[in-house]
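In what follows, a structure is listed as structure tokens, so that the remarks can point back to it.
The values are calculated or read from the model by the stated rules, or taken from the named source; none is laboratory data. Please read all numbers here as calculations on a predicted model, not as lab measurements. Don't worry about glycine lacking a Cβ; one is built from the backbone with ideal geometry, like all the others, and counts go over all protein chains shown.
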Amino acid sequence: MSAGELVVHHGSHARPDAERGDSLLVVSWNIQHGLEIDKAVADLAARDELRDADIVLLQEMDEIGTVRVAESLGLDYVYATAGAHAQSGRNFGNAVLSRWQMGEPEATVLSFKAPIRGHPRVIVGSTVSVGGATIHACSVHTEIPSLSSGKRLRQFEEIAAVAARRSGELLVLGGDFNTVTRRSINALADRMASAGAARASVGAGTTLRRGGQEFTLDHVFVRGLVPAAAGVVPRTEASDHRPLWVRLRAPGPGPKADDSQTDR
């Protein structure tokens with residue numbers, strides 16, 4: 001597989017007897033090259049904040065680790081990569097997993113490669129059928145700030161454009177946006193607002209500590225769904241990122257999106 005060649009994998013391990021609750025739990029987690037998958041699976045299965053997640057959005061994954069998570073937790077999955085990372089030598093991509101039936105997998109390679117290592121970034125999505133409602137769920141990983149701010153803004157705009165293509169549908173979109181400043185968070189939120197999506201993870205807490213500083217790199221955006229709570233899990237051994245969780249009010253039947261939501 002050559003760098004920039006988009007490959008999508010999908011599979012089904014969801015249990016048919018899943019019961020819908022009165023809320024929807026979404027987890028987003030960058031698992032640092034997917035190296036500590038067993039530890040990540042243990043946290044996703046046992047931590048109160050993460051257990052029985054309805055939708056799981058993972059970044060820095062390969063297809064082997066994605067299948068391991070899906071099989072261990074009984075989840076459907078869609079995974080996309082556009083090549084291996086030069087540092088790990090493993091495929092470098094994103095995954096959407098769910099304990100509900102998934103379909104219509106799609107993926108897009110974002111513009112601009114990393115200026116040093118040269119690996120591309122992708123956005124992967126799929127429909128998730130939760131009871132009588134259909135949600136479009138996407139996992140995202142944008143470039144780090146060594147890419148120019150103008151090119152990073154272009155990546156934000158491309159992600160918002162993907163969300164806007166399904167403007168009449170419920171949306172859950174999250175991942176690692178590498179927003180190291182408040183200004184970059186606001187720029188991201190403005191562009192997602194243009195697609196009718198609001199940041200559901202406001203107030204959840206910082207997701208990475210590095211060099212003695214705390215950063216909010218990871219976010220979850222929604223359209224047509226109402227956030228009820230959000231937070232991070234502070235102590236895990238699977239990654240340098242903290243898992244981000246968002247609890248949403250369960251959607252009613254039918255894919256009705258409320259485009260009036262904004263988040264500035």
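Results for (1) of a type outside the set (Gly, Ala, Ser); (2) over 25 Å from Glu104 (Cα atoms); (3) surrounded by fewer than 20 Cβ atoms within 10 Å (Cβ to Cβ), shown as yes or no for each residue.
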| site | (1), (2), (3) |
| --- | --- |
| Ala18 | no, no, yes |
| Val27 | yes, no, no |
| Asp43 | yes, yes, no |
| Thr66 | yes, no, no |
| Ala80 | no, no, no |
| Gly83 | no, no, no |
Note: among Ser201, Ser194, Ser184, Ser239, just one is among the hydroxyl-bearing types (Ser, Thr, Tyr) and touching a Lys or Arg at 6+ places or on another chain (Cβ under 8 Å), namely Ser184
Ala189 vs (1) assigned to a helix (DSSP H, G or I); (2) without any contact (Cβ under 8 Å) to a residue 24 or more places away in the chain: all pass except (2)
Condition check: assigned to a loop (DSSP other than H, G, I, E, B) and of a type in the set (Asp, Glu). Does Glu158 satisfy that? no
When (1) at pLDDT 85 or above; (2) touching a helix residue (DSSP H, G or I) at 6+ places or on another chain (Cβ under 9 Å); (3) of a type in the set (Gly, Ala, Ser) are applied to Ser88, the one that fails is (1)
Criterion first (under 20 Å from Gly174 (Cα atoms) and in contact with a His (Cβ under 7 Å, 6 or more places away or on another chain)) does Leu57 satisfy it?
no
Reported set for the stretch 12-25 where residues are in a strand (DSSP E or B) and either within 19 Å of Gly83 (Cβ to Cβ) or touching an Asp or Glu at 6+ places or on another chain (Cβ under 7 Å) (or both) is Leu24, Leu25
Picking from Ala193, Ala163, Ala230, the residue that is within 21 Å of Arg51 (Cα to Cα), crowded, with 16+ Cβ neighbours inside 10 Å and modelled with pLDDT of 95 or more would be Ala230
Reported set for the stretch 233-264 where residues are modelled with pLDDT of 75 or more, in a loop (DSSP other than H, G, I, E, B), among the basic types (Lys, Arg) and farther than 16 Å from Leu57 by Cα is Arg235
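Here's the yes/no breakdown for (1) touching a Gly at 6+ places or on another chain (Cβ under 7 Å); (2) part of a strand (DSSP E or B); (3) free of Cβ contacts under 8 Å to residues at least 60 places away in the same chain:
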residue: Leu57; (1), (2), (3): yes, yes, no
residue: Val67; (1), (2), (3): yes, no, yes
residue: Tyr79; (1), (2), (3): yes, yes, no
residue: Phe112; (1), (2), (3): no, no, yes
residue: Gly125; (1), (2), (3): no, yes, yes
residue: Ser129; (1), (2), (3): no, yes, yes
residue: His136; (1), (2), (3): yes, yes, yes
residue: Pro145; (1), (2), (3): no, no, yes
residue: Leu153; (1), (2), (3): no, no, yes
If we keep only residues of the stretch 45-60 that are at pLDDT 95 or above and under 20 Å from Thr142 (Cβ atoms), then the residue surrounded by the most Cβ atoms within 10 Å (Cβ to Cβ) is Leu58
* On the given criteria, is Glu169 modelled with pLDDT of 95 or more and either surrounded by fewer than 16 Cβ atoms within 10 Å (Cβ to Cβ) or out of contact with any Asp or Glu (no Cβ under 7 Å at 6 or more places or on another chain) (or both)? -> no
